[in-house]
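The next block holds one structure in the form of structure tokens; read it before the comments.
Any read-out appearing in this document is the output of simple, stated calculations on the displayed coordinates, not a laboratory observation. Quick caveat, the model's predicted, so the values are computed rather than measured. All Cβ positions, even for glycine, are placed from backbone atoms using ideal geometry, and neighbour counts span all protein chains on display.
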Amino acid sequence: MLLPARTAVLKYLYNVEKADVSEIMEKLKNDYGNEGQFTKDMFLEHLMALEANELIELVNYELDNNGELAIYYSINDEGKNTIEKYILKK
């Protein structure tokens, strides 16, 4: 059984230094790519909700090779504790 997509985003950030929405979606595509909610807007919503709940932090932003804004997020200690408490113990 798959984790909810938002939780999967947080779990992915647990294993990397930082990532933007494009990287996260690429890594989760095999599991979530066939879902109707697998859109850039929805994954940006996941990232903003995780940030609002103080589980991740915006660490950098820049224009990518296509001239689009790339916003990079990193998990913080509260996010790590959440993953360790609820996901990794399973």
**Prompt:** For the stretch 68-76, in order, what is each residue's ³J(HN,Hα) by Karplus, 6.51 cos²θ - 1.76 cosθ + 1.60 with θ = phi - 60°, in whole Hz (x at glycine and Pro)?
**Reply:** 9, 5, 10, 10, 9, 10, 9, 6, 9
**Request:** State, as an integer percentage, the relative contact order of the chain based on alpha-carbon contacts under 8 Å between residues 6 or more apart.
**Result:** 34 percent
**Item:** Qualifying GluC sites (Glu not before Pro) for the stretch 1-78 [loop in DSSP, other Cβ within 10 Å: at most 15]
**Value:** Glu17, Glu35, Glu54, Glu68
**Prompt:** Within the stretch 1-62, which chymotrypsin sites (Phe, Trp or Tyr not before Pro) sit in a loop by DSSP and count at most 15 neighbouring Cβ atoms inside 10 Å?
**Reply:** Phe38
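Can you give the local net charge around Phe38? Use residues other than it whose beta-carbon is closer than 14 angstrom to its beta-carbon, Lys and Arg +1, Asp and Glu -1.
Within the 14 Å Cβ shell, the charges total -1.
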**Prompt:** Which of the trypsin sites (Lys or Arg not before Pro) found in the stretch 1-73 are loop residues per DSSP with 11 or fewer other Cβ atoms within 10 Å of their Cβ?
**Reply:** none
**Request:** Work out how much length Glu26 to Glu68 would gain on full extension: take 0.36 nm times their residue separation and subtract the Cα-Cα distance, in nm to one decimal.
**Result:** 13.5 nm
**Backbone HN-Hα couplings from phi across the stretch 18-32 [Karplus 6.51/-1.76/1.60, Hz, Gly and Pro as x]** = 6, 7, 10, 4, 5, 5, 4, 5, 4, 6, 9, 4, 4, 8, 10
**Prompt:** Per the helix-only calculation at 222 nm, which mean residue ellipticity applies to the chain, given -39500 (n - 2.57) for every DSSP H run of n ≥ 4 and division by its residues, nearest 500 deg cm²/dmol?
**Reply:** -15000 deg cm²/dmol
